[in-house]
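Just so you know, all these numbers are worked out from the coordinates, no wet-lab data involved. Just so you know, these numbers come straight off a predicted model, no measurement behind them. Cβ placement follows ideal geometry from the backbone for every residue including glycine, while neighbour counts extend to all protein chains displayed.
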Amino acid sequence: MSKQSVIVDQQSTFSNDQMHNNSIELEQRYGAANYDPLPVVLSRGLGAELWDVSGKRYIDMMSAYSAVSHGHSHPRLVQVLTQQAQRLSICSRAFYSDRLGAFLKRVCDLTQMDSALPMNTGVEAVETAIKAARKWAYTVKKVTENQAEIIVCRGNFHGRTTTVVGMSSKPQYQFGFGPFAPGFKTIEYADPEALAAAITPNTAAFLVEPIQGERGIVVPPKGYLQTVAQICRERNVLLILDEIQTGLGRTGKFLACEHENVKPDALILGKALGGGLLPVSLFLSRRDVMSVFKPGDHGSTFGGNPLAVTVALEALNILFEENLIQRSEELGDYLHQNLLEISSPLIKEIRGKGLFIGVELDSRFAKGRTIVLQLLEHGLLSYETHDTVIRLAPPLVISKRQLDEALAILKKVLLAKTT
């Protein structure tokens, strides 16, 4: 190695260390303190792996809250993104594009829905669902104007706009942000009798997650979705499923509701729909629900733009052509079974479906942040939920070898805390 190469290598090492510290310092100084990141500065990702600025490799067991289900920098997605960006990225919905129609048809065929309204972020699609449900209640169900109610569940997470946090049961999400919009009624999750009791002639919809992700991967008892679907049908109430996190293969089915063969009246998708490259979301529903929208009622400058829908269409194709849904089911079962074999008093419960698993810790022995920091040191990226649950939701492209490596790290950290 030449003297010049040695100097370059030394400068590179120094630069990486400096970049780590400067990146954290700049975010903390100029950014709002609405996140509490782990002390790692990521710079590159490929598949189910990430690297920090110093070149250290990590296994990604978070996949950006399911947004990176296809893995980081999937070559097919990067290719179509690049090609479409050079052709046409945005033209606004004031005009038709040659990309949107094919995407809408594909996703409606896959979900067995009649129509779809594209947005960007998940919470925008939730807001769209709220507007659709209310207007449907007034124009179709004939609920008295401004009296429509939407039933939600305790422990829900549907986003962070002021309207949506107004229906949250977590005090932190509401503190300092009121007053909140009326028109929501909260019941216990996984309790069909509570739903039946809460419905009135003014009830427009029941908005629910098939599995509550942010609450800690809370899975309802078998038959829950079937029962609430029947109640909604009998009482003329829309069943709206928020599958922003659980949809698109995350739980081992294309949609989590398919585990119980339930077809909702409306559906919300997001996160993985953008292939980990762009924010793409959808509100999908029956024709009579979507038809309440007239020109000017609702919209989005970026929603349905050619670049986003090109990536989203390819993301849908990849799910099936690369068998990612089946991989999620098989590797999810493998991960779940291996986690159950870890004998540690730290573990209170393991729950989930597919590659959507939560490891709940006994708070008497360890806090979630303590464990995720130790996992980070050993090269595994995860995050805690509600202080006591470790979220394990890797990209669906993760290999069995990478999963075994992640399991070895998990065992090492969890067992070390008990010795």
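Once you charge only the Cβ atoms, +1 for Lys and Arg and -1 for Asp and Glu, what is the size of the charge dipole of the chain about its Cα centre, to the nearest 20 debye?
On the way: 44 positive and 43 negative charges, 93 e Å.
Approximately 440 debye in magnitude.
Enumerate by residue number the GluC sites (Glu not before Pro) in the range 170-242 meeting two conditions: DSSP loop (anything except H, G, I, E, B), and at most 15 other Cβ atoms within 10 Å of the site's Cβ.
Working: sites: GLU188, GLU193, GLU214, GLU234; in loops: GLU188, GLU214.
In loop regions of the range 170-242 (DSSP not H, G, I, E or B), the sparsely surrounded GluC sites (Glu not before Pro) are GLU188.
Excluding residues on the same chain fewer than 8 positions from LYS185, give the aspartates and glutamates whose Cα lies under 12 Å from its Cα.
GLU149
Starting from the Cα-Cα distance between PHE320 and ARG286, subtract it from 0.36 nm times their residue separation and give me the gain in nm to one decimal. Working shown, then result.
On the way: separation 34, 0.36 × 34 = 12.24 nm, distance 2.43 nm.
Full extension of this stretch gives 9.8 nm more.
Nearest 10 degrees is fine. How inclined is helix 400-416 to the longest principal axis of the chain, computing both from alpha carbons?
80 degrees
So the label point goes 7 Å from the Cα of ALA33 along Cα→C-beta, right? Which residues of the range 164-200 then have their backbone N under 19 Å from it?
172-177
Label LYS348 and ASN202 with points 7 Å out from Cα along Cα→Cβ: what is the distance between them in nm?
3.7 nm
Between ASP387 and ASP17, what length in nm is gained on full extension when 0.36 nm per residue of separation is reduced by their alpha carbon distance?
Full extension of this stretch gives 130.2 nm more.
Towards the positive end of the charge dipole of the chain, with charges on Cβ (+1 Lys, Arg; -1 Asp, Glu), say which of GLY270, ASN202, LEU407 has the farthest Cα.
ASN202
Restricting to DSSP H runs of at least four residues, report the calculated mean residue ellipticity at 222 nm for the chain, -39500 (n - 2.57) per run over all residues, nearest 500 deg cm²/dmol.
Numbers: 14 runs with 164 residues, N = 419.
The helix contribution divided over the chain gives -12000 deg cm²/dmol.
Determine the relative contact order of the range 75-321: mean sequence separation of Cα pairs under 8 Å and six or more apart, normalised by residue count, in whole percent.
Working: 438 pairs, mean separation 76.6, N = 247.
With pairs under 8 Å counted, the relative contact order is 31 percent.
Between TYR173 and SER73, what length in nm is gained on full extension when 0.36 nm per residue of separation is reduced by their alpha carbon distance? Mind dumping the intermediate values first?
Values: separation 100, 0.36 × 100 = 36.00 nm, distance 3.25 nm.
Here the segment from TYR173 to SER73 would lengthen by 32.8 nm.
When only Cα pairs under 8 Å and 6 or more residues apart are kept, what is the percent relative contact order across the range 316-419?
On the way: 139 pairs, mean separation 28.1, N = 104.
Reported as a whole number, the value is 27 percent.
5 Å is the cut-off here: which amide hydrogens, built 1.01 Å from N in the peptide plane, fall below it relative to ARG44, excluding neighbours closer than 5 in sequence?
Long-range HN contacts for ARG44: TRP51.
Give me the one-decimal nm value for the distance between modelled label points at ASP333 and HIS378, 7 Å along each residue's Cα-to-Cβ direction.
Inter-label distance under the simple model: 2.7 nm.
How far is helix 100-111 tilted off the main Cα axis of the chain, in degrees rounded to 10, range 0 to 90?
Approximately 80 degrees, to the nearest ten.
Given the chain, what percent of its DSSP beta bridges are antiparallel, to the nearest 5? Kindly include the intermediate steps, with their values, before the conclusion.
On the way: 31 of 47 bridges.
Once the DSSP bridges in the chain are tallied, antiparallel ones form about 65 percent.
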